[in-house]
Amino acid sequence: MSAPRLLASGHASLAARAVLGAVFIYLGATKALDPVGFLKLVRQFDLLPPLTLNLAAAVVPWCEIVFGALLLAGRFARGTALVSLLLLVAFTAAIVLRAVALHRSGTAAFCSLRFDCGCGTGEVLICLKLIENAGLCLLAALITLAPEHPLPFSRRRAAASTP
């Protein structure tokens, strides 16, 4: 199947929803299971005012879990993917800012920097994390722009297909 036909069929969007949804649920769950550890990691970025740190550490993991579930279920997939894309861009920008600050303060090459970015995967090489985030952004953009798969789990589709 050619790339344009694959995109038009909605199968690429379905696969992207499955991957992105599963990733968001996994990463959100790892953060939700250790809220204090996640709060400590968010604090290291020094981007949020102290009053909003606890709120961010409490809300972000559960938003990721809900977004993942919505993507897997095919409910509000385009809107969820768009919001996910915006969050991924913001998270990636925060990671880049922290990595640049660490790079400037030391002698290590940029791509050899390792730190726990708070993403839920532990300590990572910065360049690999940036590539991973770029891939997730592409998946979110694909879901946002590509036609929906004909089999999302929704009553509207099921009702339309019954005689």
### Message
If neighbour count is taken as other Cβ atoms inside 10 Å, put Thr107, Thr30 in order from fewest to most.
### Response
Thr107, Thr30
### Task
For Phe45 and Arg75, calculate 0.36 nm times their separation in residues minus their Cα-Cα distance, and state this gained length in nm to one decimal.
7.5 nm
### Message
Using the crude model of +1 on Lys and Arg Cβ and -1 on Asp and Glu Cβ, and no other charge, please compute the dipole size for the stretch 3-144 relative to its Cα centre, in debye to 20.
### Response
220
### Query
Which is farthest toward the positive dipole end of the stretch 3-144 among Leu113, Ala69, Leu33, measuring Cα position about the Cα centre, with Cβ charges +1 (Lys, Arg) and -1 (Asp, Glu)?
Ala69
### Query
Order of 77-85, 109-117, 45-53, 132-140 by packing, highest average Cβ count within 10 Å first?
77-85, 132-140, 109-117, 45-53
### Pairs of Cα atoms farther than 26 Å apart, the stretch 3-144, %
27
### Relative contact order of the stretch 3-144, pairs being alpha-carbon contacts under 8 Å that are 6 or more residues apart, as %
31
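Each reported figure results from applying straightforward, stated rules to the coordinates on display, with no laboratory input. Please read these numbers as outputs of a predicted model, since none were measured by experiment. Cβ coordinates were reconstructed from backbone atoms using ideal geometry, including for glycine residues, and neighbour counts include every protein chain displayed.
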